[in-house]
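Peer 1: Below: one structure in structure tokens.
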Amino acid sequence: MTWLRLLLLALMLVASPRAFAVQPDEVLSDAALEARARALSKELRCMVCQNQSIDDSDAPLARDLRVLVRERLQAGDGDQQVIDFLVARYGEFVLLKPRFSAHTALLWLGPAAVLVVGALGLLLLARRRPADSEIAAAGAAELTPAEEAKLAEILKHRD
């Protein structure tokens with residue numbers, strides 16, 4: 001009987017519809033405009049959640065931004081005009097993927113620069129450090145005749 005309850009619970013979890021942040025009263029009647037609005041909403045950051053798009057966020061500010069995007073699209077603005085309007089109003093932070101510019105160059109180029117500097121550091125370290133064979137040869141040359149005899153005896157017993 002308990003396995004039946006577990007199966008029923010699993011089916012309910014799998015079959016339950018995914019909760020979307022976009023409310024039914026926000027959806028535009030024009031399917032093409034709604035698709036554009038959803039695409040734009042996925043590119044815009046929720047200022048409250050910060051790591052979510054306004055399309056995924058339930059925050060009241062995200063709802064206001066979704067409504068604003070739809071209003072601008074209905075007014076005839078193009079996608080870039082809507083984004084430019086929101087950037088002018090809220091700053092570059094509203095974009096989930098900031099544009100490449102002078103003040104975001106470090107953001108875009110920083111990870112690559114760290115990788116290059118790390119690779120160069122490893123290369124320099126590898127060049128400075130003598131090879132393992134050179135270390136072994138240097139170590140063998142420094143053994144006294146008594147140490148060499150003892151090492152030979154140890155190696156003979158090892159076989």
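Peer 1: HN-Hα J couplings of segment 34-51 from phi, Karplus 6.51/-1.76/1.60, θ = phi - 60°, integer Hz, Gly and Pro as x?
Peer 2: Once θ is set to phi - 60°, the couplings for segment 34-51 become 5, 5, 5, 4, 5, 5, 5, 5, 6, 8, 9, 7, 6, 6, 8, 7, 6, 10 Hz.
Peer 1: Extending each Cα 7 Å along its Cβ direction at A113 and R89, get the distance between those two points in nm, one decimal.
Peer 2: 3.4 nm
Peer 1: Set the Förster distance to 30 Å, then compute FRET efficiency between R5 and L61 from the Cβ-Cβ distance, nearest 0.05.
Peer 2: About 0.15, to the nearest 0.05.
Peer 1: Excluding same-chain residues fewer than 8 positions from K97, which lysines have a Cα within less than 25 Å of its Cα?
Peer 2: K42
Peer 1: Evaluate the distance, in nm, between pseudo-label points positioned 7 Å from the Cα of L68 and of Q81 along their respective Cα→Cβ axes.
Peer 2: According to this spin-label approximation, the distance is 1.7 nm.
Peer 1: A further question follows. Amide H of L95: which non-local residues (sequence gap of 5 or more, or other chain) have their own amide H closer than 5 Å, using H built in the peptide plane?
Peer 2: For L95, whose amide H was placed from the backbone, the distant partners under 5 Å are R45.
Peer 1: Just to check I understand the Karplus step: with θ = phi - 60° and J = 6.51 cos²θ - 1.76 cosθ + 1.60, what whole-Hz values come out for segment 86-97, glycine and proline as x?
Peer 2: 5, 5, 5, 7, 10, x, 4, 4, 5, 8, 5, 10
Here, each number is a calculation from the coordinates, and none is a lab measurement. Given the structure is predicted, the values throughout are model-derived calculations rather than measurements. Cβ coordinates were reconstructed from backbone atoms using ideal geometry, including for glycine residues, and neighbour counts include every protein chain displayed.
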